[in-house]
Amino acid sequence: MLRLLKAVAVSVFTAHAASLASSAAAAMSPAEFQALPSHPADHRIAYGEDPNQFGDLRLPAGTALHPVVILIHGGCWKEKYATLRDLAPMADALKAAGVASWNIEYRRLPQPGSGWPGTYQDVGRAVDHLRAVAGAHRLDLRRVVVLGHSAGGHLALFAAARHRLPAGSPLHVADPLPLKGAINLAGVGDMAAFIPAQATGCRDAAVVETLLGGSPAVVPERYAQVSAIRRLPLATPQVLIWGREDAMTPLKFGEDYVAAARRAGDDARLAVVPSLGHFEIADPASSAWPIVRQTVQSLLGAGP
């Protein structure tokens with residue numbers, strides 16, 4: 001398994017080593033991140049009728065039941081910034097490590113139905129859709145972890161908090177798929193706190209208010225329902241992984257969230273990777289990948 005993982009990592013690293021070597025101190029750009037190579041998924045499966053309600057399923061070899069990582073890409077919740085292609089290289093690396101992945105797409109601003117509540121309903125629906133495909137693809141629903149990067153990290157924490165939503169919420173479902181843990185790569189758990197940083201992090205001074213349909217003063221209940229920090233304790237292990245040099249979503253967001261989760265009694269920890277920025281932590285050729293892989297395996301109960 002480790003030999004296969006090394007082969008994937010070496011292949012990905014070779015494809016972009018020249019651009020990184022040109023300036024060791026320079027952070028990876030969005031364009032460099034999105035240029036990382038990947039292989040086609042084994043299956044593309046719709047979980048709804050909208051063109052953006054689908055996911056890519058990758059399956060490792062073998063006939064045993066496969067543990068699953070649900071992958072949620074970032075991009076500031078905006079259509080023009082990102083697609084599920086962003087986490088395809090990580091999905092390949094997980095497959096090489098013997099773990100299935102369900103890399104989901106969802107409606108993003110300004111697509112019809114995006115924002116409140118559609119974007120969050122999509123995430124919940126995609127997570128729960130694993131029940132519909134588990135039998136055909138030998139998925140082990142007792143071992144499912146959610147992992148998101150950037151805005152997807154925020155959505156991963158939301159997914160882990162769904163069982164804590166009030167019954168009257170349009171995001172509530174009676175029996176969300178249980179998760180073994182949530183891994184957040186530089187995503188915010190407190191949407192109101194992110195507002196002062198959104199112009200820098202997302203190049204949009206109103207993206208959060210657009211997503212949720214107003215400011216915290218106007219729609220406070222929406223912020224409370226989608227911000228995991230307001231739903232603590234989650235009673236689900238949470239691991240946040242951050243690049244120390246992240247200028248888009250500064251480390252303090254991770255530190256503050258983990259401190260709050262621990263005060264609430266949750267199993268939560270923060271892993272800080274030196275010298276890395278916002279995008280490198282989701283690159284399976286970076287120094288963050290062994291931490292991500294080991295965290296996935298630990299939460300799933302899989303061997304190294």
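The values are calculated or read from the model by the stated rules, or taken from the named source; none is laboratory data. Here the structure is a predicted model, which means the values were calculated and not measured. As a convention, Cβ positions derive from the backbone with ideal geometry for all residues, glycine included, and neighbour counts pool all protein chains shown. Please note that ligands, DNA and RNA were not included when accessible areas were found on the heavy atoms of the full protein model with its side chains. Shrake-Rupley method; radii C 1.70, N 1.55, O 1.52, S 1.80 Å.
Tell me which residues come under 5 Å, amide H to amide H, from His66 once H is placed; ignore anything under 5 positions away on its chain.
Amide H neighbours of His66: Leu139, Asp140.
Points 7 angstrom from Cα along the Cβ direction at Gln111 and Ser275: gap in nanometres?
If labels sit at Gln111 and Ser275, their model points lie 3.7 nm apart.
Can you give the Kirkwood hydrodynamic radius of the stretch 177-304 from its Cα pairs, in Å with one decimal?
Values: mean 1/r = 0.0645 Å⁻¹.
Mean inverse Cα-Cα distance, inverted, gives 15.5 Å.
How high is the relative contact order of the stretch 86-182? Use alpha-carbon pairs under 8 Å, at least six apart in sequence, and give a whole percent.
Numbers: 91 pairs, mean separation 22.2, N = 97.
About 23 percent, as a whole number.
How large is ³J(HN,Hα) for each residue in the stretch 230-237, as worked out from phi by the Karplus curve 6.51 cos²θ - 1.76 cosθ + 1.60 (θ = phi - 60°), to whole Hz, x for Gly and Pro?
Per-residue couplings from phi come out as 8, 10, 5, x, 8, 6, 9, x Hz.
Based on the alpha-carbon set only, what is the convex hull volume of the chain divided per residue, in Å³?
119
Helix-only estimate, please: 222 nm mean residue ellipticity of the chain, summing -39500 (n - 2.57) across DSSP H runs of length 4 or more and dividing by its residues, to the nearest 500.
Helices in the chain give a 222 nm mean residue ellipticity of -10500 deg cm²/dmol.
Among Trp102, Trp116, Trp77, whose mean-square fluctuation peaks in a Gaussian network model of the chain (Cα, cutoff 10 Å)?
Answer for the Gaussian network model of the chain: Trp116.
If you roll a 1.4 Å probe over the heavy atoms of the protein chains, what accessible area per residue do you get for the stretch 204-304, in Å²?
Numbers: 4020 Å² over 101 residues.
Normalised by residue count, the accessible surface of the stretch 204-304 is 40 Å².
Per the Kirkwood treatment, what hydrodynamic radius in Å, one decimal, follows for the stretch 230-304 from the mean inverse distance over all distinct Cα pairs?
It is 13.1 Å.
Which residues' amide hydrogens lie under 5 Å from the amide hydrogen of Ile241, considering only partners 5 or more residues apart or on another chain, with H built in the peptide plane?
The list, which skips near neighbours in sequence, is Asn184, Leu185, Ala186, Ala271.
Taking amide hydrogens as modeled 1.01 Å from N in the peptide plane, which residues meet the under 5 Å criterion relative to Glu79, leaving out close sequence neighbours?
Leu109, Gln111
Pick from Val218, Val146, Val258 the residue whose mean-square fluctuation is largest in a GNM of the chain, springs joining Cα atoms under 10 Å.
In this elastic network of the chain, the residue with the biggest mean-square fluctuation among Val218, Val146, Val258 is Val218.
Could you work out which residue, out of Glu280, Glu32, Glu245, moves most in a Gaussian network model of the chain, that is, has the largest mean-square fluctuation with Cα springs under 10 Å?
Highest fluctuation of the listed residues: Glu32.
With bins 10 Å wide starting at 0, give me the P(r) of the stretch 85-226 over every alpha carbon pair, in whole percents.
11, 40, 35, 13, 2
Rounded to a whole number, what % of the accessible area of the stretch 57-180 do carbon and sulfur atoms account for, probe 1.4 Å?
54
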